[in-house]
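Here the structure is laid out as structure tokens; the discussion comes afterwards.
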Amino acid sequence: MTSKSSYPAAIEGSEIRVGAQDIKPGGRPVLTITNEMAFQVSAKRRATGTLVREYNPKVWKFRADSDLDAGDEISGPDLWGLTSSPIHRGDIIVGGAGRTGSHSGQELTLSGEFNLLEIVSGWRGAPALTHPRQELLRPEH
């Protein structure tokens, strides 16, 4: 079980729990570099991601340096990810992780054939020079 809070870091698996003060689904589906349809999600302000269920077999799909063990965790002010399952506003639970005295916090569980969550900017160190979506999504024609 690892916990990372600086860029670059990512987790991949069959189920990822996301907590933050601002979780936003990406809307329309996009094509990944592996030609799979995916839905984007971003988590900002005290964001955390925890790998709940591993892939079977345990092999990365998007990032060779992704953590793949159940319990692995990433955190930072800005996280971004992909999931094979659509995300609806009703899937985001208000009052979950990320709760503070002045903010209720939000929680979301990503589950599907594949799920990826990675740090765009961490608590320490430099942020990503380019957003991960530029590397993982196919350019629109």
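When Val94 is tested against (1) touching a strand residue (DSSP E or B) at 6+ places or on another chain (Cβ under 6 Å); (2) at pLDDT below 95; (3) crowded, with 16+ Cβ neighbours inside 10 Å, exactly one condition is not met: (3). So, in segment 66-83, of the ones that are part of a loop (DSSP other than H, G, I, E, B) and out of contact with any Asp or Glu (no Cβ under 8 Å at 6 or more places or on another chain), which residue ends up surrounded by the most Cβ atoms within 10 Å (Cβ to Cβ)? Here the residue is Asp72. Answer yes or no: is there a residue in segment 49-65 that is of a type in the set (A, V, I, L, M), surrounded by 20 or more Cβ atoms within 10 Å (Cβ to Cβ), touching a residue at least 12 places away in the same chain (Cβ under 8 Å) and touching a Lys or Arg at 6+ places or on another chain (Cβ under 7 Å). No; the residues of segment 49-65 include none that is of a type in the set (A, V, I, L, M), surrounded by 20 or more Cβ atoms within 10 Å (Cβ to Cβ), touching a residue at least 12 places away in the same chain (Cβ under 8 Å) and touching a Lys or Arg at 6+ places or on another chain (Cβ under 7 Å). Under the condition of being assigned to a strand (DSSP E or B), surrounded by fewer than 20 Cβ atoms within 10 Å (Cβ to Cβ), of a type in the set (A, V, I, L, M) and in contact with a Phe, Trp or Tyr (Cβ under 7 Å, 6 or more places away or on another chain), the residues counted in segment 110-141 number 0.
For (1) under 20 Å from Gly90 (Cα atoms); (2) modelled with pLDDT of 95 or more; (3) out of contact with any Leu (no Cβ under 9 Å at 6 or more places or on another chain); (4) of a type in the set (A, V, I, L, M, F, W, C), each residue gets a yes or a no:
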site: Tyr7; (1), (2), (3), (4): no, no, yes, no
site: Glu12; (1), (2), (3), (4): no, yes, no, no
site: Val18; (1), (2), (3), (4): yes, yes, no, yes
site: Lys24; (1), (2), (3), (4): yes, no, yes, no
site: Arg28; (1), (2), (3), (4): yes, no, yes, no
site: Ile33; (1), (2), (3), (4): no, no, no, yes
site: Ala38; (1), (2), (3), (4): yes, yes, no, yes
site: Pro57; (1), (2), (3), (4): no, no, yes, no
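With respect to Val59, determine if the residue is in a loop (DSSP other than H, G, I, E, B), within 27 Å of Pro139 (Cβ to Cβ) and hydrophobic (A, V, I, L, M, F, W, C).
So Val59 passes the test.
Kindly indicate whether any position in segment 122-135 is touching a residue at least 24 places away in the same chain (Cβ under 8 Å) and of a type in the set (Ser, Thr, Tyr). Looking for residues that are touching a residue at least 24 places away in the same chain (Cβ under 8 Å) and of a type in the set (Ser, Thr, Tyr), one finds none in segment 122-135, hence no.
The values are calculated or read from the model by the stated rules, or taken from the named source; none is laboratory data. Keep in mind that what you see is a predicted model, and the values were worked out from it rather than measured. Note: ideal-geometry Cβ built from the backbone for every residue, glycine included; neighbour counts use all protein chains shown.
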